[in-house]
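Working notes, structure below.
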Amino acid sequence: MDFLKRLLPRRAGWQAGLSTIFVAAGFIVIALAWNGAAGIDFTQGQIPYLLSGGAAGLGLIGVGIALMLFEASRRSSAHLDAQLAAIRENLLELRSPNMASRNGGGAIVPEGFVIAGPSSFHLPECRLVTGKDNQIVISAEEAASRGLLPCRVCQPELSEAETS
């Protein structure tokens with residue numbers, strides 16, 4: 001098993017180099033077959049060169065192209081995985097409690113802000129506003145200056161500076 005591990009290259013992307021070698025070898029085999037056929041002046045002698053050299057050359061080219069496609073797919077998958085990891089980190093960062101919270105209605109409410117209702121204001125997680133559309137997010141100071149009353153269910157607290 002260790003012998004097989006030593007045979008495999010340790011660098012990423014080795015398939016791209018190997019695929020180029022296979023394609024180049026395919027064209028070289030086709031060129032050699034063409035050269036061998038050109039050296040014979042009768043058709044029955046040229047056909048074996050062209051068939052065997054052409055088939056082997058096309059086979060090598062096909063393997064090289066397949067390796068290129070697999071390598072491109074692998075790189076694309078790795079790139080997509082990296083992007084998804086970055087998106088996941090950003091989403092987790094948005095969910096952190098010190099930055100902002102999201103209530104059931106989809107509104108992102110930064111810290112220190114509340115959701116304004118017609119006559120009262122609520123915390124983002126209040127059951128009275130969770131899932132409601134068209135939510136108005138305002139600062140707690142603005143809610144107090146509008147004369148809105150704190151919700152009796154979630155009881156958002158205003159600091160002393162906001163109440164004066």
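Annotation: of all residues in region 111-149 being outside any loop (DSSP other than H, G, I, E, B) and among the small types (Gly, Ala, Ser), the one that is surrounded by the fewest Cβ atoms within 10 Å (Cβ to Cβ) is 145.
Residues in region 25-43: is at least one in a helix (DSSP H, G or I), modelled with pLDDT of 90 or more, among the small types (Gly, Ala, Ser) and touching an Asp or Glu at 6+ places or on another chain (Cβ under 8 Å)? Scanning region 25-43, I find no residue that is in a helix (DSSP H, G or I), modelled with pLDDT of 90 or more, among the small types (Gly, Ala, Ser) and touching an Asp or Glu at 6+ places or on another chain (Cβ under 8 Å), so the answer is no. Consider region 91-110 and keep the residues that are over 26 Å from residue 146 (Cα atoms) and surrounded by 10 or more Cβ atoms within 10 Å (Cβ to Cβ). The one that is modelled with the lowest pLDDT is 95.
Take the residues in region 16-49 that are of a type in the set (Phe, Trp, Tyr) and surrounded by 12 or more Cβ atoms within 10 Å (Cβ to Cβ), then tell me which one is farthest from the chain's Cα centre (by Cα). Applying the filter and picking the extreme gives 49. Are any of the residues in region 55-62 in contact with a Phe, Trp or Tyr (Cβ under 8 Å, 6 or more places away or on another chain) and among the β-branched types (Val, Ile, Thr)? For region 55-62, residues in contact with a Phe, Trp or Tyr (Cβ under 8 Å, 6 or more places away or on another chain) and among the β-branched types (Val, Ile, Thr): present.
The values are calculated or read from the model by the stated rules, or taken from the named source; none is laboratory data. Just so it is clear, the model here is predicted, and its values are computed rather than measured. A quick note on method: Cβ atoms are made from the backbone with ideal geometry, for glycine too, and the neighbour counts reach across all protein chains shown.
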